[in-house]
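The block underneath contains the structure these notes are about, expressed in structure tokens.
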Ligand code: PMP
């Protein structure tokens, strides 16, 4: 059997539950609240196209060559500027360009972790990060959250008990909860990380997508404010949710020795992010079009989020528990007494999808949790989708 050639790490590993749901989302008429996939209609395709079209023949030819592993300098300049708007005090040479922030998670898992090392993550967390840490042989422990993010007291207990090498967190409009870590807790996380010498991987693809009020500064902003913090804080960001995911561009800031290890891993991985998309992104950022487009995105996602939140309140009343979203792409709910897995099966028959919450936990969890993304559907689709969700839940109760 050829399957026996597959290494033990990959042989019995589950695939990404969200990516595997994608085939249902391709059914005609399906309304998907499942993936955190930005709506292509909200991407500034024209602006991006223009930034490539304006390249002179010579510049275009340059964008077809191999590039340096750390990334194209003109893009690193723009990403440093973007980082500094988030109070991160980065220089171009501090930026490692990634083929999507997903690659950053994987490079860090591969370069930092030895088999058996402990990693802390939020409960619930981003499943592809869970997989990356597990492929690296790490033991993953989950820290509970409340409405203000990670529970800092449990975090301290876990730091003292497991002596983890890494804490992975999505502290701003997180995936899957949409919740944001409160500013005072951000400070506490940094102090604990320094005290227990635990690296913090802060994954921040959603921070720009706030609806009304900007979120607190990233955890990474405390790098120069707390002694020793610069040695333990790592920051990952992405253009996927705000520009276009198909560009596959993300970036990393962090201690030079760690970035260097990631460069070595990247040299044998993809060598460098696509020069063509780096050139397009750099041009687009430099033109100012990105900053002009962001408010449109924020407003569109706010409209969608409020439409979905409102429609669910009308359809379900207090049969589901769900905090009001403040930004990002996700709403995290709980339907007491319902198995979200069974509900999903009924929902698919009704032409609507979401992700059952179990996908986001490292261990067994309350089956009543579910995640909805309001990013992909327009307002009309969202209203119809919410009605289908209600119908499928009624059918479930009759079984
Ligand atoms: N981190 C989180 C929390 C995400 O939700 C995603 C995308 N779903 C990623 C990383 C990966 O994003 P990308 O590789 O497209 O930058």
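So here's what we get for this one:
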item: Wholly enclosed helices (runs of 4 or more DSSP H) of the range 285-399 bearing at least 1 residues within 25 Å of residue 43 (Cα to Cα) and not assigned by TED's automatic domain parsing to the domain that holds residue 171; result: 289-316, 379-398
item: Check on residue 64, assigned by TED's automatic domain parsing to the domain that holds residue 215, in a loop (DSSP other than H, G, I, E, B), buried (at least 21 other Cβ atoms within 10 Å of the Cβ) and away from the ligand (no atom under 16 Å from the Cβ); result: no
item: Residue 224, sole failed condition from (1) more than 10 Å from the ligand (Cβ to nearest atom); (2) at pLDDT 95 or above; result: (2)
item: Strands (runs of 3 or more DSSP E) (entirely within the range 71-165) containing at least 2 residues that are under 19 Å from residue 362 (Cα atoms); result: 118-123, 139-146
item: Which listed residue, of 97, 140, 121, is at pLDDT 95 or above, within 18 Å of residue 163 (Cα to Cα) and crowded, with 24+ Cβ neighbours inside 10 Å; result: 121
item: Selection status of residue 337, surrounded by fewer than 21 Cβ atoms within 10 Å (Cβ to Cβ) and out of contact with any helix residue (DSSP H, G or I) (no Cβ under 7 Å at 6 or more places or on another chain); result: yes
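For every residue, the table says whether it meets (1) away from the ligand (no atom under 14 Å from the Cβ); (2) buried (at least 23 other Cβ atoms within 10 Å of the Cβ).
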position: 70; (1), (2): yes, no
position: 74; (1), (2): yes, no
position: 77; (1), (2): yes, no
position: 109; (1), (2): no, yes
position: 155; (1), (2): yes, yes
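For (1) touching a strand residue (DSSP E or B) at 6+ places or on another chain (Cβ under 7 Å); (2) within 16 Å of the ligand (Cβ to nearest atom), each residue gets a yes or a no:
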| site | (1), (2) |
| --- | --- |
| 172 | no, yes |
| 181 | yes, yes |
| 185 | yes, no |
| 189 | yes, no |
| 194 | no, no |
| 198 | yes, no |
| 202 | yes, yes |
| 206 | yes, yes |
| 216 | no, no |
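Yes or no, residue by residue, for (1) more than 16 Å from the ligand (Cβ to nearest atom); (2) outside the structural domain of residue 70 (by TED's automatic domain parsing); (3) buried (at least 21 other Cβ atoms within 10 Å of the Cβ):
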position	(1), (2), (3)
246	no, no, no
249	no, no, yes
257	yes, no, no
264	yes, no, no
269	no, no, no
272	no, no, no
275	yes, no, no
281	no, no, yes
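The values are calculated or read from the model by the stated rules, or taken from the named source; none is laboratory data. Quantities reported herein were computed from a predicted structural model and do not represent experimental measurements. Reconstructed Cβ throughout: ideal geometry from the backbone, glycine too, with neighbour counts over all protein chains shown.
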